[in-house]
Amino acid sequence: MTTLLNVDNVYKSYGSLPVLKGISLTVEEKETFAIIGPNGAGKTTLFRVMTGEVLSERGRITYADHDVTGMSAHDRVQLGMGRTFQVARVFPEFSVEENIIVAIEARLRSRSESSLPWYRTRPRSSVREEAGALLQDLDLWSKKATEAKFLSHGDKKRLELGIALAGKPQILMLDEPTAGMSPSDRIATTELIIRLRAANAMTVVMTEHDMDVIFGLANRILVMNQGEMIAIGTIDEVRANPIVREVYLGKEMYGADG
Amino acid sequence: MRLINTVLFAACLAVMFTIPLWADQGILFIAGLVLVEMVFALSWNLLFGFTGLASFGHAAFFAIGAYLCGYALRADIGAPFLLLILAAGVAGALAAVLTGIVLLRRTTGIHLAIFTLALAEILRILVGYSTALGREDGLASIPRPSLELGFASFDLASGEAYYWFLCIAASVIVGFLWLICHGPFGRILVSIRQDPERTTFMGINVPAYRLAAFTISGATSGMAGALYAPWAQIVTPESAHWIHSTQPMLASLLGGAQSFWGPVVGTVLFSIINYSTRNLVGLAELVIGVVLLVIVLAAPSGVVGLVHELRRRLTARVSHAGPGAEGKAGSKGKFVQEAA
Amino acid sequence: MAPIDLLFTFLNGLSTGMAVFLVAAGLTLIFGILKILNFAHGAFFMIGAYVAYSITGSNPSSLWIFILAALVAGVVVAALGFVTDRIVLRRLRNVDEAYTLIATFAVVLICSGVVKLIWGVNYASVNPPPLLDGAIAAGPLFIPSYSLFVIIAGFAVYLALDIAIHRTWIGKLLQSVANDGWMSGLLGINVPFALTSTVIASFMLAGLAGGLLLANQTLSPILGESYLLLAFMAVIIGGLGNVRGAFLASVLLGVIESGSSLLIPNMPGMATYVFVILFLLAKPQGLLGGHRI
């Protein structure tokens, strides 16, 4: 196994309030890595530092041999780091299909995989085919002509996943992929992620609240509390960690054991 | 639907090209101004309706083109007219790049509005101070050039000849903007307007795209100015005044900023209102104000959006009788693609 | 340059600045609480001036008539503000900034059209009332008494606003609405009432300013523009929505305007715009940004 993403001793504070106090982690290729912790633990900030939404104050982040510490968010995406948002963000005025098409075109243009002429008024057939295949994969094909603003919450989440996948990411970063979903939607989404992960040989980094989703998806877990690392390791290692049991996981872990 | 659109489009083109044959000089002059303002409004709307940036000083780019062309024609420097128009475009683009680099990295919204407004006013003051550019009186009696195409030469001195030239030149620029707006580049601009952050995470360098849109918009505004100078035959600092900057905004909003043809419809409507109320001072403003207010409050997608909505309801009713709910959603979706 | 010139320029600038503030006060108030940049403010300022002119004529017979006319203008424009709020502003809550600007610009067109239809397009001018048409000599310095009147009026309006906002219950109420309208609503504050009162107060200030600044103006349908741009700049430099900031910024802009007309008389307004651009590039949040109203 080779290391794909490496976060080394990262610090970040908002004003005088420290939010990340020296976080280090490594994500191996093709594994799924989950970041958990109570509200205000710094999960979201860590996520943002990794995606490039905010820059860290100290420390280093490398991704596939590139130092991305000070790199802008869009450059990181071009290197293969895709992401979704906690509250699904799609383009409301576009149809479902256009949402995917614009994402494919963005990839083609920004990574210069092909010289896509700017004047082509209709997406070329290969782009449409790719979009169609992706929509079928996501089970959104029947809604391809619907304007995205009319989609249900779950459909929006899936469409956003599609936008991220259209960028052909090597590593997919999911910010609470099942937030606000019903239990049955959670199960469906977990299964979808497992399927897509296998099909695209992807590495996944995620933050998540729901323990079932984490146990269903993650290989390794980082537990955070108040900007510090409490524990890092495989699910079993983390389960066995007494501090984790004490601070955070206790209840749910026993529940999961029993 | 496509047939109706084609027929409608052809009819508009036919009216545009035949105006000199049936209208009087007064209307001909206004029609020429409409063509110029149309290009100007489309340029502004590339920023607002497509990219989501509101410039309040766009008249500056227009004035740069107009003064450049007017000055060169008066000085009779012998440059071909087409080259002058291109030069005006380049000048507009340069001005846009310079301001865009400073402003767009950090500012959008109200700050961008104030910055662009202040810069345009500075330009207006400078132009009004410059003796070479005629101070407050501007450049008067600008001659209309002749068009040298190598194989043929056309004298554009007459109103009709220059009008036809305006028709062709405006069509070319509008066609260029249409291609930009309807391709992948335009789609990405619309994505940026809807959600810049989401677009960033598709790997798009949002500030660079904004700058590109700003530059193109500056270039075509400059060209609109260059076309204006020989038509009006006078260019004054008023062309850089912030009131002129509001023209394309009003036209775009009136017609519908989310649609490509909205600004064109708006510009034409504007002129019709102005023309039909010309005898009673103040009435034109009152009518335009009320219409604009009703549109912004009741139909933010403008006249074009309103027409689309009506059509949508009609098609929905037709398909209601047919394939049922599924077909309804389908026809609506198809419609959306057509409108986009 | 002699010190006396400097002092004179400063007083001139102070007078200009106070005039700008009289317009900016209502503008910043409405922005601070409704988050609406009201393009039509200048137009209502102009209507205030025309209303006052209809009462005083070109030669106001006394200072009291002049002030009374300004108050009447304030009341009339406040009533118009109530109507505008009902028809327009109320629908602009939570709408994109650009649409707000265009909607209020439509109101500008309507106002300007109405003014042209009622009062015509001819220019009119109004002399200062008897007590204010001279100059006061202070040593070698002659200060036009009307300028002094504007300075005093500006200070008075500023003090009244500052006390109203920071010392009275309605000010506290407005502050809480400005900070978090949704939360205030939960706490039982009548938010719609607060918003409507703000609009009325803002428009009243516009009308009052029109009346107070009536003298030594050329009254024409484009009067609205002249102060509006400067007032806009003052509101933005002051830190959007902050009354103290707008006051300081107005004085600053007035002094810059007056100083530059001494140094570069051929380019009126130039120094102001350059200053605004440089200032906002260096300090985008404005003088007192972050502190609402």
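Between a residue in region B:287-300 that is over 9 Å from C:I102 (Cβ atoms) and within 7 Å of chain C (Cβ to nearest Cβ) and any residue that is of a type in the set (K, R) and surrounded by fewer than 18 Cβ atoms within 10 Å (Cβ to Cβ), which pairs come within a Cβ distance under 7 Å, given they are 6 or more apart or on different chains?
As it stands, the answer is B:L297/C:R91, since those pairs meet every condition given.
Please indicate, with yes or no, whether at least one residue in region A:67-82 is away from chain B (no Cβ under 14 Å), surrounded by fewer than 18 Cβ atoms within 10 Å (Cβ to Cβ) and at pLDDT 90 or above.
Among the residues of region A:67-82, at least one is away from chain B (no Cβ under 14 Å), surrounded by fewer than 18 Cβ atoms within 10 Å (Cβ to Cβ) and at pLDDT 90 or above, which makes the answer yes.
Of the residues in region C:157-205, how many are under 17 Å from C:R86 (Cβ atoms) and in contact with a helix residue (DSSP H, G or I) (Cβ under 8 Å, 6 or more places away or on another chain)? Give the derivation first.
Initially, region C:157-205 is screened for residues under 17 Å from C:R86 (Cβ atoms), giving C:190-204.
Narrowing the set further to residues that are in contact with a helix residue (DSSP H, G or I) (Cβ under 8 Å, 6 or more places away or on another chain) leaves C:191, C:194-204.
So the count comes out to 12.
Every residue, every condition in (1) farther than 25 Å from B:L211 by Cα; (2) assigned to a helix (DSSP H, G or I); (3) within 14 Å of chain C (Cβ to nearest Cβ), yes or no:
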position: B:L119; (1), (2), (3): no, yes, yes
position: B:R124; (1), (2), (3): no, yes, yes
position: B:E136; (1), (2), (3): yes, yes, yes
position: B:L166; (1), (2), (3): yes, yes, no
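Just one of B:F40, B:F56, B:F115 is surrounded by 14 or more Cβ atoms within 10 Å (Cβ to Cβ), among the aromatic types (F, W, Y) and modelled with pLDDT of 95 or more; which is it? Steps first, answer last, please.
Working: B:F56 fails: modelled with pLDDT of 95 or more; B:F115 fails: modelled with pLDDT of 95 or more.
Exactly one of B:F40, B:F56, B:F115 is surrounded by 14 or more Cβ atoms within 10 Å (Cβ to Cβ), among the aromatic types (F, W, Y) and modelled with pLDDT of 95 or more, namely B:F40.
Condition check: within 24 Å of the chain's Cα centre (by Cα) and either surrounded by 14 or more Cβ atoms within 10 Å (Cβ to Cβ) or not in a helix (DSSP H, G or I) (or both). Does C:A153 satisfy that?
Values: within 24 Å of the chain's Cα centre (by Cα): yes; either surrounded by 14 or more Cβ atoms within 10 Å (Cβ to Cβ) or not in a helix (DSSP H, G or I) (or both): yes.
When the stated conditions are applied, C:A153 passes them.
Scan region B:242-279 for residues that are within 11 Å of chain C (Cβ to nearest Cβ), surrounded by fewer than 21 Cβ atoms within 10 Å (Cβ to Cβ) and not in a helix (DSSP H, G or I) and jot them down.
The one that is within 11 Å of chain C (Cβ to nearest Cβ), surrounded by fewer than 21 Cβ atoms within 10 Å (Cβ to Cβ) and not in a helix (DSSP H, G or I): B:T277.
Which residues, counting only those in region A:6-52, are at pLDDT below 90 and within 14 Å of another protein chain (Cβ to nearest Cβ)?
Within region A:6-52, just A:G15 meets the criteria.
Would you check if B:S141 is of a type in the set (S, T, N, Q), away from every other protein chain (no Cβ under 14 Å), within 28 Å of B:L28 (Cα to Cα) and under 25 Å from the mean Cα position of the chain (by Cα)? If you could, list the steps in order and put the result at the bottom.
Working: of a type in the set (S, T, N, Q): yes; away from every other protein chain (no Cβ under 14 Å): yes; within 28 Å of B:L28 (Cα to Cα): yes; under 25 Å from the mean Cα position of the chain (by Cα): no.
For B:S141, the condition - of a type in the set (S, T, N, Q), away from every other protein chain (no Cβ under 14 Å), within 28 Å of B:L28 (Cα to Cα) and under 25 Å from the mean Cα position of the chain (by Cα) - is not met.
Identify the single condition in (1) touching a residue at least 12 places away in the same chain (Cβ under 8 Å); (2) more than 7 Å from chain B (Cβ to nearest Cβ); (3) more than 15 Å from B:G289 (Cβ to Cβ) that C:I152 does not satisfy, given that it satisfies every other one.
The single condition C:I152 does not satisfy is (1).
Within region C:117-134, track down each residue that is under 22 Å from the mean Cα position of the chain (by Cα) and within 12 Å of chain B (Cβ to nearest Cβ).
Residues satisfying the conditions do not exist here.
Please enumerate the residues belonging to region B:301-316 that are within 12 Å of chain C (Cβ to nearest Cβ) and in a helix (DSSP H, G or I). Lay out the reasoning, then the answer.
Going residue by residue through region B:301-316, those that are within 12 Å of chain C (Cβ to nearest Cβ) are B:301-302.
Result: B:G302, single match.
Considering C:N179, C:N190, which residue is over 30 Å from C:K116 (Cβ atoms), in contact (Cβ under 8 Å) with a residue 60 or more places away in the chain, out of contact with any Phe, Trp or Tyr (no Cβ under 8 Å at 6 or more places or on another chain) and surrounded by fewer than 24 Cβ atoms within 10 Å (Cβ to Cβ)?
On the way: C:N190 fails: in contact (Cβ under 8 Å) with a residue 60 or more places away in the chain.
Answer to the selection: C:N179.
Kindly indicate whether B:A95 is under 19 Å from the mean Cα position of the chain (by Cα) and within 14 Å of chain C (Cβ to nearest Cβ).
Answer is no for this residue.
Would region C:5-23 turn up any residue that is of a type outside the set (S, T, N, Q) and free of Cβ contacts under 8 Å to residues at least 24 places away in the same chain?
Kept after step one, since they are of a type outside the set (S, T, N, Q), are these residues of region C:5-23: C:5-8, C:10-11, C:13-14, C:17-23.
Narrowing the set further to residues that are free of Cβ contacts under 8 Å to residues at least 24 places away in the same chain leaves C:6.
Among the residues of region C:5-23, at least one is of a type outside the set (S, T, N, Q) and free of Cβ contacts under 8 Å to residues at least 24 places away in the same chain, which makes the answer yes.
The values are calculated or read from the model by the stated rules, or taken from the named source; none is laboratory data. These numbers were taken from a predicted model, which means no experiment stands behind them. All Cβ positions, glycine included, derive from the backbone under ideal geometry; neighbour counts span all protein chains shown.
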